[in-house]
Amino acid sequence: MSTITTKDGTQIFYKDWGPKDAQPIVFHHGWPLSSDDWDAQMLFFHASGYRVVAHDRRGHGRSTQVGTGNDMDHYASDASAVVEHLDLRNAIHIGHSTGGGEVARYVAKYGEPQGRVATAVLISSVPPLMVKTAKNPGGTPIEVFDGFRKALAENRAQFYLDVASGPFYGFNRPGTKVSQGIIQNWWRQGMMGGALPQYEGIKAFSETDQTDDLKAITVPTLVMQGDDDQIVPYKDAALLQAKLIKHNTLKIYPGFPHGMMTTHADVINADILSFIKD
């Protein structure tokens with residue numbers, strides 16, 4: 001397996017496919033998944049001539065199940081370690097959900113200062129802040145995330161099955177075609193990771209205020225989200241991202257779920273390709 005070891009001794013697994021002289025696209029996955037969640041995108045963009053790179057976040061997938069550093073700063077630092085190890089330049093960074101937060105922190109803190117980033121894409125992403133606060137009245141109440149933690153601690157396997165078969169892909173909506181393969185693949189990825197880093201990751205994706213990260217991004221950024229996202233409400237995510245990022249293109253998809261890059265890969269892939277080619 002291809003891995004790097006970070007400064008704190010964490011092994012980060014990564015994939016690196018395609019011509020080394022092609023423009024790189026770096027994919028950042030959502031919670032509690034792995035780089036495997038990008039299969040449809042990595043195959044598509046590899047076939048389109050790009051170099052495609054994706055890593056498993058610390059505590060997730062095939063990376064070390066660490067008991068420390070399960071926060072957005074370390075997530076971004078680990079991503080930067082992969083990018084620097086591969087010496088990726090003029091890169092396109094694409095993040096989904098928690099991975100969108102990772103992209104925002106990476107681009108603001110490492111990518112742009114180092115001159116390595118060309119474009120960013122945020123899909124159903126968590127910034128600027130998920131949890132409801134006095135300054136973020138449209139956010140999700142902390143009790144919801146406490147419920148996530150309780151469900152994970154009591155029966156992680158069942159919780160992950162419930163999320164994948166319900167709100168994540170919109171499979172709980174009437175008339176939706178349900179894919180058992182997608183559900184089982186989500187569950188498989190989630191159960192590969194460590195319970196503790198995933199438990200601590202809930203705080204990382206829900207309580208990290210990334211307003212300043214979004215304001216710092218100056219590269220062209222595509223913001224994409226479905227208006228039937230039951231995990232990250234689009235009015236408190238994509239619409240606010242578009243207000244804070246200087247050079248953004250906003251696309252809201254009627255009826256699309258949180259995991260739309262899997263359920264509607266043909267639409268999402270085509271729109272990303274069109275954006276990065278312009």
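Key figures for this structure:
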item	result
Amide hydrogen neighbours beyond the local backbone of Asp229, cut-off 5 Å, H modeled	Tyr234
Subset of Lys20/Lys109; Lys150/Lys215; Lys215/Lys251; Lys251/Lys277; Lys135/Lys246 violating a 23 Å alpha-carbon distance limit	Lys20/Lys109; Lys150/Lys215
Within the stretch 37-76: backbone nitrogen closer than 16 Å to the Leu273 label point (7 Å, Cα to C-beta)	39-52
Candidates Val232, Val178, Val144, ranked by Gaussian network fluctuation over the chain, Cα under 10 Å, top entry	Val144
Cα Rg, Dmax, the stretch 3-277, angstrom units	17.0, 49
The stretch 3-277, relative contact order [Cα under 8 Å, separation at least 6], %	21
For the stretch 153-278, diffusion coefficient by Stokes-Einstein and Kirkwood Rh (Cα), 4 °C, 1.567 mPa s, µm²/s	80
Helix-only mean residue ellipticity at 222 nm for the chain, each DSSP H run of n ≥ 4 adding -39500 (n - 2.57), per residue, nearest 500	-12500 deg cm²/dmol
Theoretical gain in end-to-end length, Asn172 to Trp17 [0.36 nm per residue, Cα-Cα removed]	52.3 nm
Listed residues Lys20, Lys215, Lys203, most fluctuating in the chain (Gaussian network, C-alpha, under 10 Å)	Lys20
Placed amide H near Thr140: partners under 5 Å, 5+ positions off or other chain	Val131, Lys132
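Every number here is computed from the coordinates shown, using simple stated rules; none is lab data. Just so it is clear, the model here is predicted, and its values are computed rather than measured. We place every Cβ from the backbone using ideal geometry, glycine too, and count neighbours over all the protein chains shown.
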